[in-house]
Amino acid sequence: IFLSSKCKFFVSSDCGISTLPEVFKVPIVYVNKTMLFAMHRWSYKSIFIFKKFYSLKEDRYLKFDEIMKLKIGHRDNNVYLKEMNIEVHNNTSEEIMCASIEMDDFIDGRLNYSYYDNKIQRLFWNIFKPNDLRPNFFRIGKDYIRNNKSLL
């Protein structure tokens, strides 16, 4: 509890441990997120990146809006995903590192988002209209979304 209240930022996945730094308003980098509809929008300052869902039937990664329609987390995920012929791919160590560096740069005031970064951020958040409720700094990782623009 002490470390999660005093750290510069916290790195977490879809687990309950992230509630500790959330309570203490510590910035969080969420990695390997699976449930798009259940993002921690109450977080103080957050960057997040998602696992990728690969459709074996369609031989491609599913887009974010397609993943939203699956409602991952409302049923037994392993059985459901197997029935749907979907593989789940974890974030790479490079994706996690880039999101962590982005948060570190943000906290230390070294981060500048380009017009393009903000544009693809808006494209991502348009998926959630009209329920785009989030704090001021709650973003999908800039390198992650740049490298996965085809998922928009």
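As a test of the formula, what do you get for the chain when each DSSP H run with n ≥ 4 contributes -39,500 (n - 2.57) and the sum is divided by the residue count, at 222 nm and rounded to the nearest 500 deg cm²/dmol? Dividing the helical sum by the residues of the chain leaves -10000 deg cm²/dmol. When the surface is traced with a 1.4 Å probe over the full set of protein chains, Lys129 keeps roughly 120 Å² accessible. In the context of the full set of protein chains, residues of the chain present 56 Å² of accessible surface per residue (probe radius 1.4 Å, heavy atoms only). Between Asp117 and Glu94, the simple spin-label model (points 7 angstrom out along Cα→Cβ) gives 1.9 nm.
Computed on the Cα trace of the stretch 1-69, the radius of gyration divided by the Kirkwood hydrodynamic radius gives Rg/Rh = 1.09. Computed from phi, the 3J(HN,Hα) profile of the stretch 77-91 under the Karplus parametrisation 6.51, -1.76, 1.60 (θ = phi - 60°) reads 4, 4, 5, 4, 5, 5, 4, 8, 6, 10, 9, 10, 10, 5, 5 Hz, with x in place of Gly and Pro.
According to the Cα-based calculation, Rg over Rh for the stretch 79-152 is 1.03, with Rh computed by the Kirkwood formula. Counting protein heavy atoms only, the chain has 54 percent of its accessible area on carbon and sulfur, 1.4 angstrom probe. For Arg110, neighbours were defined as the other residues whose beta-carbon sits under 11 Å from its Cβ, and their charges (Lys and Arg +1, Asp and Glu -1) total -4. Ellipsoid semi-axes for the chain, based on the Cα gyration tensor and the rule √(5λ), read 26, 18, 14 Å when sorted largest first. If you wrap the Cα atoms of the stretch 43-107 in a convex hull and average its projected area over all directions, you get 5.6 nm². Each Lys or Arg adds one and each Asp or Glu subtracts one; over the other residues with Cβ under 9 Å from the Cβ of Val26, this totals +3.
The values are calculated or read from the model by the stated rules, or taken from the named source; none is laboratory data. Worth saying up front: this structure is predicted, and the values here are computed from it rather than measured. Note that each Cβ is placed from the backbone with ideal geometry, even for glycine, and that neighbours are counted across all protein chains shown. Accessible surface is based on the protein model in full, side chains and every heavy atom, while ligands, DNA and RNA are left aside. Shrake-Rupley method; radii C 1.70, N 1.55, O 1.52, S 1.80 Å.
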